[in-house]
Structure formats: C-alpha cells, structure tokens
C-alpha cells in the first residue's frame, strides 16, 4: 500500500540579491513532483503522492480565489499558509510534506517548509524527501547566502547528484525551476550530464 | 551503512529486561511513554553515533563523536569510541554499547594470542576478519556496526568496515553510525585519493562536526587518532573549537 510513497529529492535555494530563486526536484519515470500553484509560486511534494496532489489541488483553487479577491498576485506566505492549514487540520489522514517556494512583490524570493504535521517554517534553503538525509552535511557545509544564479544552480545540481548516488529510490533526471520576477524557467539536466564524484 | 537510531532499539529478550532499573509498583503509571515522563530508565545503552575512518599514504585517520545515549538521556557525553585492539589497530564502535564492548574485548584477546603465536605484528585484515566472524555468527543477537582501521608493515594503512549483519569490506574512506546518513553526500564530494595526513584530519573533523550538528544521537567532542608506522597520535576537538557551518 506504500507503493506510491513519493521519493522526491527536493531543494530550494534563494539568493536575495539578484531576486532569483531555484527549486529542483528529481523525477524518476514521469511522475511530476513540482506543482505550480500560481504564476510565480511552486510546490514541491514529498510523501504520499495521492495526498500531496489532493492538497495542492485544493490549495491552487483557494489561492486563485484569494488572488482574485485581493486583486493582486498572492504572497508566497499566503500560499504556504493555505498548505499549512490543510496539512494541520487533516493531520490524521494526510502523509505529505511540501516545500512552497516562489517570488512575490513584497519580500522577493522566499522558501517555506510545510512539514508532515503542519508546521510552517521559513528558511533560506531547505531539502526534503528520502534522499535528503544523505546530503544534510553537504548542504550545511556548502551553502552561502547571496549566491549567484550559476553558483546556486551548481550547488543544487551537485547536491541532487550526490543524493541520487546514495538513495536507491532517487534517480533519473534533475529538474530545476528558476523563478524570478520576470519569468519562470525550467531546466532539465539528464543523468549522464550530472557531476560525477570520486567513486563513479 | 551501519547506522542505528537509538529510538528503534528494542530489548531483545526478557533476560535483558532484568538489566533495566526496577521501580516500585506504585509508579506503574510512568511506564507508558509520554513527553513528560521519558522512558530512558527502560532503554538499552546505545552508541548511536558517527564514526569515520580514512586511509592515507602511510596510515589511517580515524574519528568519532563522544555521545552515548539511553533513549533521550545522554549517559556519557565524553565517550571514547576509538578502542585499541592491538598496538597499531583500532576499531570504531557504533550500535549497542554493550555488544560492541564485548566484541572488542573478545577480538583483542584473540588477536593478542594470534600475534604471540606469529611472533610479529598482526595484519589489519586479520583483526577485521575476527570482527566479521563474530558479527556474522551472532548476527541475530548482536547490534554492532564496527570500522576496523590500522597500519601494518605489509599493506600500510587500511580501513575495513564491518556493518550490522556481518559483512566485511575494505574501503578507502568509511563512515558509520546513525549520524553517517547525513554526511554521505559531503564525504562523496570532498574525498580525494592521495590526501595528506593533515588534509585527512581536517576532512574527518569537518565531516563529524556536520553529522553531530544534525544527528541527535551524536555530539560532544570529536575524538581523532592517526595510526601510522610511527605509532598512534590521539587528539580531541572540544565543542567550542569544532568547525562551524550551518546557518539554519
């Protein structure tokens, strides 16, 4: 019954200076774990895929409604709050965690973690999913605030490649999404183009 | 990988139940676990831990944290998990404290005997084999993840890992214990063949500091040892001198 447990390896990195922001996930086969809930807000999902899809669908609806009422693009914090309400109020039934990340006019790029029981936490970078345990040390050591886009991309790709090397349920292709004020860009790094490390 | 979360440890037989502390009957309401009444009085002692060993030209560098836990209580915050087995052979212990101490004592005896028979220094591979024999034969009863490292004249510095279950393999760099999960990525990306002794020491100290930062069962001080032809040099890096990293 656990066969749909999602095994995404997800990370977000924010660089405050140039107001850009990267979210990446690993997809094995064709499961999409990066859900767009608004123009500049994405949700990365981990845990039970069914639960996560249900929650993000509901959140997308509530967020678009809220955005129409306010007559302006929603804040990333608002999106994260909606996810948190859903996760907390249904914590007995749900088994899904999220990383909500995006850009808004008020605070620029932001990342929010909504964990399993419904905690909401803002962080400059974060990792999640089954493969994330293997790279806590790496991201703690290597993260610097105010990285450039190239540095952040390299940082994310390296971290994901390391996790994929150790986690048997992470692998395949790396998807990166870069969210800025101007645009949302989707970059795909296939497995054979990933950085290699000493024992490979 | 030979990590073990102490929260998962279960007492394996009623015989071991007898070793837990006895309380009077009128405190039976405290037996059910909840946050206000921690259950450490009923828990087995674990070296849920982070251990590491790295080969370099001329020897090995080994390192470990210093925390021993019984449930949520830190029974010993200055543990020495780097145990000498012979003059230039050490083992790093992770898992059940009792099991690893007993195994290490038995192997020390066997290796000492063997070395006297041979009338020369034993091979690191021999020590590792003895650990493997014991860990595999008694795999159902034991919970021990051990890294054997040392120097011998025939093959120089060597690191052998004997994780839970009783496999043995030689690796240029090996990590173990519950905290090791968090530093696989760091070790994979930062290890290079042909590092010097000082580079290995720095690499080990940083990796252990990162693991101790994230793993609740690892902490305290970092204990390091360098084993080479010249002998064994030991050092400890205290809490305030540890390399610092994360900002969240």
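Computed from the coordinates by the stated procedures, all read-outs in this text should not be read as laboratory data. All values reported here derive from a predicted model rather than from experimental measurement. Positions of Cβ are backbone-derived with ideal geometry, glycine not excepted, and every protein chain shown enters the neighbour counts.
In vacuum, with every alpha carbon of region A:114-161 counted as one equal point scatterer, what does the Debye formula give for log10 I(q)/I(0) at q = 0.20, 0.23, 0.28 Å⁻¹? Two decimals, please. Those come out to -0.75, -0.93, -1.16, one per q. One way to sum up the overall shape of region B:49-237 is the equivalent ellipsoid from its Cα gyration tensor, whose semi-axes run 23, 21, 14 Å, largest first.
Quantify how strongly other chains surround peptide A:140-149 by giving the mean number of their Cβ atoms within 10 Å of each of its Cβ atoms. Don't skip to the end; give the middle numbers.
Working: counts 14, 13, 5, 4, 1, 1, 0, 0, 0, 0.
Counting other chains' Cβ atoms within 10 Å and averaging over A:140-149 gives 4.
Across region B:66-173, the mean sequence separation of Cα contacts (distance under 8 Å, 6 or more residues apart), normalised by length, yields a relative contact order of 23 percent.
Evaluated at q = 0.11, 0.19 Å⁻¹, a Debye calculation over the C-alpha positions of region A:77-172 (equal weights, vacuum) places log10 I(q)/I(0) at -0.39, -1.02. All C-alpha to C-alpha distances of region B:162-248, sorted into 5 Å bins beginning at zero, yield P(r) values of 3, 12, 21, 24, 22, 13, 4, 1, 0 percent in whole numbers.
With contacts taken as Cα pairs under 8 Å and at least 6 residues apart, region A:21-193 reaches a relative contact order of 27 percent. With q set to 0.11 Å⁻¹, the log10 of I(q)/I(0) for region B:92-165, from the Debye formula over equal scatterers at the Cα positions, is -0.26.
A compact globular protein would have a Cα radius of gyration near 2.2 N^0.38 Å; the ratio found for region A:137-186 is 1.28. Peptide A:127-137 shows a mean partner chain C-beta count of 6 within 10 Å per residue C-beta.
Averaging sequence separations of C-alpha pairs under 8 Å and six or more residues apart, then dividing by the length of region A:155-200, give the relative contact order as a whole percent.
Working: 42 pairs, mean separation 16.5, N = 46.
Reported as a whole number, the value is 36 percent.
Percent of C-alpha pairs per 10 Å bin in region A:21-193, short distances first: 10, 39, 38, 12, 1.
Viscosity 1.306 mPa s, temperature 10 °C: what is the translational diffusion coefficient of region B:125-195 from Stokes-Einstein with a Kirkwood Rh over Cα pairs, rounded to a whole number of µm²/s?
Values: Rh = 13.2 Å.
The diffusion coefficient I find is 120 µm²/s.
Centre-to-centre, using Cα atoms only, region A:83-109 and region A:129-153 are separated by 21 Å.
Region B:128-159 and region B:208-237 have Cα centres spaced 19 Å apart.
Order of B:151-163, B:101-113, B:168-180 by packing, highest average Cβ count within 10 Å first? Could the numbers behind the result be given before it?
Details: B:151-163: 20.6, B:101-113: 16.9, B:168-180: 23.8.
Ranked by mean Cβ neighbours within 10 Å, highest first: B:168-180, B:151-163, B:101-113.
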